[in-house]
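The values are calculated or read from the model by the stated rules, or taken from the named source; none is laboratory data. Model, not experiment: these values are computed from the prediction. Cβ sites come from the backbone with ideal geometry, for glycine too, and all protein chains shown count toward neighbours. What goes into the accessible areas is simple: the full protein's heavy atoms, side chains included, and nothing from ligands, DNA or RNA. Shrake-Rupley method; radii C 1.70, N 1.55, O 1.52, S 1.80 Å.
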Amino acid sequence: MEKVALAEAFDSFEETWSPRLAGELNGQAVKLAKGDGEFVWHSHAGADELFLVHAGRLRIEFREEADAVLEEGEFAVVPRGTEHRPVAEPEADILLFEPSETRNTGDVETDETVTELERLD
């Protein structure tokens, strides 16, 4: 069993929109990411995605429905196949829960696509 101190884990990296692997369970990954500004529009055809805000504020924009605004301690689940864009203004520390193989940019290939997750120490 590994214990993760979230404040220390978020302090261990600076890059934004580049998730780190904090843990795995039952085929799911617990990822930590720092957000600052807008991420890319994308969707995940085969996976729901849970966003939990540890610190800061996150707005998740949707093309076909109202935005979700998450404050510290709040989470939302984006259903599979739903096009969305996370926006952190000014910054946010975010926990993501999703299947281990889920790419951060989903069905879109950009400079921000992470193909191999770095594991937190």
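Does any residue of the range 62-79 turn out to be under 20 Å from residue 115 (Cα atoms) and touching a strand residue (DSSP E or B) at 6+ places or on another chain (Cβ under 7 Å)? Steps first, please.
So in the range 62-79, the residues under 20 Å from residue 115 (Cα atoms) come out as none.
Looking through the range 62-79, none of the residues is under 20 Å from residue 115 (Cα atoms) and touching a strand residue (DSSP E or B) at 6+ places or on another chain (Cβ under 7 Å).
Within the option set 52, 32, being open to solvent by 40 Å² or more (accessible area, probe 1.4 Å), within 9 Å of the chain's Cα centre (by Cα) and more than 12 Å from residue 100 (Cα to Cα) holds for one residue only, 52. Taken over the range 5-29, the criterion of being in a strand (DSSP E or B) and open to solvent by 60 Å² or more (accessible area, probe 1.4 Å) is satisfied by 16, 24, 25, 28.
Considering each residue of the range 69-92 in turn, none proves to be surrounded by fewer than 19 Cβ atoms within 10 Å (Cβ to Cβ), at negative phi and in contact with a helix residue (DSSP H, G or I) (Cβ under 8 Å, 6 or more places away or on another chain).
Kindly indicate whether residue 83 is in contact (Cβ under 8 Å) with a residue 40 or more places away in the chain, over 19 Å from residue 16 (Cβ atoms) and not hydrophobic (A, V, I, L, M, F, W, C). Give the steps one after another, and end with the answer.
Numbers: in contact (Cβ under 8 Å) with a residue 40 or more places away in the chain: yes; over 19 Å from residue 16 (Cβ atoms): yes; not hydrophobic (A, V, I, L, M, F, W, C): yes.
It is true that residue 83 is in contact (Cβ under 8 Å) with a residue 40 or more places away in the chain, over 19 Å from residue 16 (Cβ atoms) and not hydrophobic (A, V, I, L, M, F, W, C).
Look at the range 91-110: where a residue is in contact (Cβ under 8 Å) with a residue 60 or more places away in the chain and a partner is of a type in the set (Asp, Glu) and surrounded by 18 or more Cβ atoms within 10 Å (Cβ to Cβ), sitting 6+ places away or on another chain with Cβ atoms under 6 Å, you get 98/49. Filtered by the rule that a residue be of a type outside the set (Gly, Ala, Ser), in a loop (DSSP other than H, G, I, E, B) and open to solvent by less than 50 Å² (accessible area, probe 1.4 Å), the range 39-48 gives 39, 40, 44.
Within the range 35-51, the set of residues being more than 11 Å from residue 83 (Cβ to Cβ) and in contact with a Gly (Cβ under 8 Å, 6 or more places away or on another chain) comprises 35 only. The selection criterion, being touching a residue at least 12 places away in the same chain (Cβ under 8 Å) and open to solvent by 80 Å² or more (accessible area, probe 1.4 Å), does not hold for residue 62. In the range 93-111, the residue that is farthest from residue 38 (Cα to Cα) out of those that are surrounded by 15 or more Cβ atoms within 10 Å (Cβ to Cβ) and acidic (Asp, Glu) is 98.
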